[in-house]
Amino acid sequence: MATDAVEDGTTSRVLRLQTIVRLRWLAVGGQSITVIVTAFWLRFPLPLIACCALIALLAWVNAYLTIRYPPTHRLQPPAAFALLGIDLAQLTALLFITGGLANPFAPLVCVPVIISSASQPKLHSIGLAILAIFGITALAFTPFPLPWYSGVELLIPTVLTAGFWFAIISTTTFAAFYTYRVSLEASELSEALSATELVLQREKHLSQLDGLAAAAAHELGTPLATISVVAKEMERELGNDPRFGEDVQLLRSQSERCRDILRRLTTLSSENEPHMRHMPLSSLIEEVMAPHREFGIEISLVENGDRAHEPVGNRNAGILYGLGNLLENAVDYAKTEVTVTVSHTPDVVSVTIEDDGDGYAPDILSRIGEPYVTKRQKDDSAGGLGLGLFIAKTLLERSGARLTFENSTAKPGARVSVEWPRLLMDTKLAK
């Protein structure tokens with residue numbers, strides 16, 4: 001659901017009112033300075049009252065918004081569209097009475113559109129861009145001349161006016177599209193990294209539950225032993241009593257059952273036990289493979305390297321999740337078999353996952369590593385990669401791994417290679 005929202009551009013991107021207010025005060029100041037310099041220093045003939053009225057209108061709206069709403073108020077897309085539309089209309093009107101496209105400040109019409117493209121949904125930005133195009137077109141037909149030296153009539157050729165129109169339209173379109181794409185990619189990356197952090201926290205939380213359960217079992221052991229002793233004494237005294245005998249026997253049987261449960265809990269891992277915090281490479285791979293063996297796809301393990309000298313590293317939740325996700329993708333798109341090849345040398349530790357499916361689609365292969373890559377091949381057989389792969393890649397790279405995605409050359413299918421420097425996967429070398 002979130003992926004679809006990002007792709008179609010309907011993700012709600014909320015703009016802070018204070019941002020628009022500050023930009024507007026900057027516009028009010030810049031317009032005021034420009035009018036003052038033009039009218040009183042350059043002494044160009046200027047519709048001063050109309051210009052001041054338009055600038056005062058923008059300042060009044062800005063002051064009203066500042067008083068009416070708190071600085072932390074956030075604008076929903078329709079409200080932001082309305083305010084940016086007012087900015088566009090005010091600027092267009094100011095340019096219309098001061099020479100239209102001949103005014104050197106005419107390209108500023110694109111600013112509200114760029115702001116919308118960076119912060120608002122796509123449809124709202126397109127609507128504002130259409131309004132800007134209409135405004136720019138109106139500027140080309142303004143009857144008001146460009147303020148110039150007294151007694152000198154500055155005539156702009158029609159061809160040059162058409163060139164100004166085309167240049168401003170092109171600038172607005174290109175800048176808006178570029179800003180939208182950059183903002184969208186940043187938003188996608190931010191959301192994907194947030195999801196990555198949540199997954200990593202969940203994996204760490206699950207890995208810590210065993211230790212918490214074992215600690216709880218140790219803490220409950222003493223009071224439960226006391227209950228068991230008292231229950232035995234009560235059974236010896238009241239076991240033949242028809243009123244209490246059955247209840248006492250039930251109490252003792254349930255206390256024994258609790259002891260059995262706690263006994264099993266104490267066998268679970270504890271984070272303070274070094275032999276459970278550290279695991280050999282073969283154990284790590286087996287833990288990754290175990291959940292995926294029951295889906296009708298054969299998973300073969302090939303080990304290259306001396307088992308006696310295999311690396312022993314920390315139990316890393318990110319590595320377990322990342323390799324598990326890669327293996328799950330391979331199982332999803334394999335036809336009959338997935339091969340996991342584990343290799344270790346004195347310098348490098350690598351894990352290669354290969355399937356006998358149809359491989360990655362060329363357009364997907366070139367984009368692997370980007371979040372929300374969900375397009376599949378036309379036959380819907382392989383190449384469907386989404387946020388899960390981005391999370392897996394991010395977690396594995398965070399652990400120091402280098403990933404390579406490719407299609408197998410010897411046989412059909414996809415291949416993913418994950419490689420670490422041995423120093424990062426072997427606690428003995430890390431010391």
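The values are calculated or read from the model by the stated rules, or taken from the named source; none is laboratory data. Not measured: the values here are computed from a predicted model. Cβ placement follows ideal geometry from the backbone for every residue including glycine, while neighbour counts extend to all protein chains displayed. Remember, those area values only see protein heavy atoms, side chains included, never the ligands or the DNA or RNA. Shrake-Rupley method; radii C 1.70, N 1.55, O 1.52, S 1.80 Å.
Numerical summary
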| read-out | value |
| --- | --- |
| Close pairs (6 angstrom Cβ cut-off, 6 or more residues apart or separate chains): modelled with pLDDT under 85 and among the hydrophobic types (A, V, I, L, M, F, W, C) in region 405-431, open to solvent by 20 Å² or more (accessible area, probe 1.4 Å) and part of a helix (DSSP H, G or I) anywhere | L429/L423 |
| Single residue of region 118-132 satisfying the filter (modelled with pLDDT of 90 or more and either open to solvent by 70 Å² or more (accessible area, probe 1.4 Å) or in contact with an Asp or Glu (Cβ under 9 Å, 6 or more places away or on another chain) (or both)) that is nearest to S187 (Cα to Cα) | L123 |
| Residues of region 143-168 satisfying the condition of being in a helix (DSSP H, G or I) and out of contact with any helix residue (DSSP H, G or I) (no Cβ under 6 Å at 6 or more places or on another chain) | T158, V159, L160, A162, G163, F166, A167 |
| Any chance L155 is modelled with pLDDT under 95, among the hydrophobic types (A, V, I, L, M, F, W, C) and open to solvent by 70 Å² or more (accessible area, probe 1.4 Å) | yes |
| Y69, sole failed condition from (1) buried (at least 20 other Cβ atoms within 10 Å of the Cβ); (2) out of contact with any His (no Cβ under 9 Å at 6 or more places or on another chain); (3) farther than 30 Å from E153 by Cβ | (1) |
| Qualifying residue in region 295-310 (condition: outside any helix (DSSP H, G or I), over 22 Å from D426 (Cβ atoms), open to solvent by 70 Å² or more (accessible area, probe 1.4 Å) and at pLDDT below 85) | yes |
| Among (1) farther than 17 Å from R315 by Cα; (2) modelled with pLDDT under 75, the one test that R277 misses | (1) |
| Hey, P362 modelled with pLDDT of 85 or more and surrounded by fewer than 15 Cβ atoms within 10 Å (Cβ to Cβ) or not | no |
| Near pairs, Cβ below 6 angstrom, 6+ apart or cross-chain, from region 157-174 (within 21 Å of A118 (Cα to Cα)) to any residue that is surrounded by fewer than 11 Cβ atoms within 10 Å (Cβ to Cβ) | none |
| Hits in region 24-50 - residues which are among the aromatic types (F, W, Y), over 15 Å from L91 (Cβ atoms) and part of a helix (DSSP H, G or I) | F40, W41 |
| Criterion (open to solvent by less than 30 Å² (accessible area, probe 1.4 Å) and touching a residue at least 12 places away in the same chain (Cβ under 8 Å)) met by exactly one of T98, T137 | T98 |
